[in-house]
């Protein structure tokens, strides 16, 4: 398989095939091929592995001796000799991952003498994931807040949780709430309340400091939901190039957002097993671990078929949507879906105030309301847990609001 990346007479090819790490190199080459790396990029990755093998041979190191520290020494060695390539670290890290997957290189394990902040954060993360059932992204968001709070309160000193008081909580929120947006501030206070309740249950705090966390104003009902006219949605969809694999992927994603009102994370989490073609249903993995069945419209199904047959590259993941560039794998975060929406709006020549995937969710709800759907029906389509979440769309129901409006003073009766 090395012949796919090198010419038959290449010296690098001969060294990799005859060297002591030839079996490891062959396994790594298969991974590059499976993940869809181009010939040029794969060749550069394998050249870097060749340099790493020669460097290890001079130091009498075996593949079992490779660690992150060894790789950092290798990269620094290359840079001291004036040999720099922007993919140095990525290439050797991919090779180390391959060795670890095969059980050759040791898997790094956290030190027992880890930093006290990380110890507390790790225990809190297990509580959130195992006992409260939060997803990985939700846990990560809360941990960022808790780490920042502990560092802000204790600095480089010892972590003394029993010394926390109401003043520490209030002061932290006051210093950080104004610098963040409304959604980030709300997430921050929610994370702090959950953290203090957990500490109280463990016995680290004599009193529950969750009650001391200041409330953040809920501004959801202050502004109108950002949405697009139906004509603009059509412009965004037709701007996708159906002649390319990336265009077919983006078109399928945008249709899921526009026709079903999916969240960015729900599009990212969609797997091949979630599509029931015979029943015409789609299983949506919603917040809180819920799995909600939804009807699969004909146009959405056709777009998915066009992408799966003529756009989705061969890869190991069961996720429906994968990246357009190597390594061919699932989207790392939901931000990839938001970025697809942003680029689609640019192609269509639109500049709405909001550029994320939620723009189409608001658009769908607004359009349903204008066509006579009730707030309860809209909540069912959008899979809202609480009716209060759907109330933000009541402000765009002008026909219903007109009946409630009082006559202008001095105007016609």
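The values are calculated or read from the model by the stated rules, or taken from the named source; none is laboratory data. All values derive from a computational prediction rather than experimental measurement. Positions of Cβ are generated from backbone atoms using ideal geometry, with glycine treated the same way; all protein chains shown enter the neighbour counts.
How many of the residues making up the range 132-185 are assigned to a helix (DSSP H, G or I) and either loosely packed, with under 14 Cβ neighbours inside 10 Å or under 27 Å from the mean Cα position of the chain (by Cα) (or both)?
Of the range 132-185, the ones assigned to a helix (DSSP H, G or I) are 136-154, 161-163, 166-177, 182-185.
Among the residues that remain, those that are also either loosely packed, with under 14 Cβ neighbours inside 10 Å or under 27 Å from the mean Cα position of the chain (by Cα) (or both) are: 136-152, 162-163, 166-167, 171, 173-177, 182-185.
Looking only at that region, the number is 31.
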* Considering (1) over 21 Å from residue 137 (Cβ atoms); (2) in contact with a helix residue (DSSP H, G or I) (Cβ under 8 Å, 6 or more places away or on another chain); (3) surrounded by fewer than 16 Cβ atoms within 10 Å (Cβ to Cβ); (4) modelled with pLDDT of 90 or more, say which one residue 298 fails and leave the rest. => (2)
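Here's the yes/no breakdown for (1) outside any loop (DSSP other than H, G, I, E, B); (2) at negative phi; (3) touching a residue at least 24 places away in the same chain (Cβ under 8 Å):
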residue: 8; (1), (2), (3): no, yes, no
residue: 12; (1), (2), (3): yes, yes, yes
residue: 15; (1), (2), (3): yes, yes, yes
residue: 25; (1), (2), (3): yes, yes, yes
residue: 28; (1), (2), (3): yes, yes, yes
residue: 32; (1), (2), (3): yes, yes, yes
residue: 36; (1), (2), (3): no, no, yes
residue: 43; (1), (2), (3): yes, yes, yes
* For residue 338, indicate whether it is touching a residue at least 40 places away in the same chain (Cβ under 8 Å), exposed (fewer than 15 other Cβ atoms within 10 Å of the Cβ) and either assigned to a helix (DSSP H, G or I) or not assigned by TED's automatic domain parsing to the domain that holds residue 391 (or both). => no
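Of the residues 52, 71, which is in contact (Cβ under 8 Å) with a residue 40 or more places away in the chain, assigned to a helix (DSSP H, G or I) and buried (at least 18 other Cβ atoms within 10 Å of the Cβ)?
Of 52, 71, the one residue that is in contact (Cβ under 8 Å) with a residue 40 or more places away in the chain, assigned to a helix (DSSP H, G or I) and buried (at least 18 other Cβ atoms within 10 Å of the Cβ) is 52.
Of the residues 248, 263, 312, which is touching a strand residue (DSSP E or B) at 6+ places or on another chain (Cβ under 8 Å) and either buried (at least 17 other Cβ atoms within 10 Å of the Cβ) or assigned by TED's automatic domain parsing to the domain that holds residue 34 (or both)?
Values: 248 fails: touching a strand residue (DSSP E or B) at 6+ places or on another chain (Cβ under 8 Å); 263 fails: touching a strand residue (DSSP E or B) at 6+ places or on another chain (Cβ under 8 Å).
Being touching a strand residue (DSSP E or B) at 6+ places or on another chain (Cβ under 8 Å) and either buried (at least 17 other Cβ atoms within 10 Å of the Cβ) or assigned by TED's automatic domain parsing to the domain that holds residue 34 (or both) holds for just one of 248, 263, 312, which is 312.
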* Matching residues, the range 279-295, being assigned to a loop (DSSP other than H, G, I, E, B) and either more than 17 Å from residue 381 (Cβ to Cβ) or modelled with pLDDT of 95 or more (or both) -> 279
* To do: Considering only residues that are in a helix (DSSP H, G or I) and closer than 24 Å to residue 289 by Cβ, look in the range 381-395 and name the one that is modelled with the lowest pLDDT.
  => 388
* Can you tell me which residue among 318, 328 is assigned by TED's automatic domain parsing to the domain that holds residue 240 and surrounded by fewer than 17 Cβ atoms within 10 Å (Cβ to Cβ)? => 318
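For residue 349, state whether it is within 33 Å of the chain's Cα centre (by Cα), at pLDDT 85 or above and outside any helix (DSSP H, G or I). Talk me through it step by step, then tell me what you get.
Numbers: within 33 Å of the chain's Cα centre (by Cα): yes; at pLDDT 85 or above: yes; outside any helix (DSSP H, G or I): yes.
Here the answer is yes, as residue 349 does meet what is asked.
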* **Tally of residues being more than 20 Å from residue 261 (Cα to Cα), in a loop (DSSP other than H, G, I, E, B) and in contact with a strand residue (DSSP E or B) (Cβ under 8 Å, 6 or more places away or on another chain) across the range 317-335** => 5
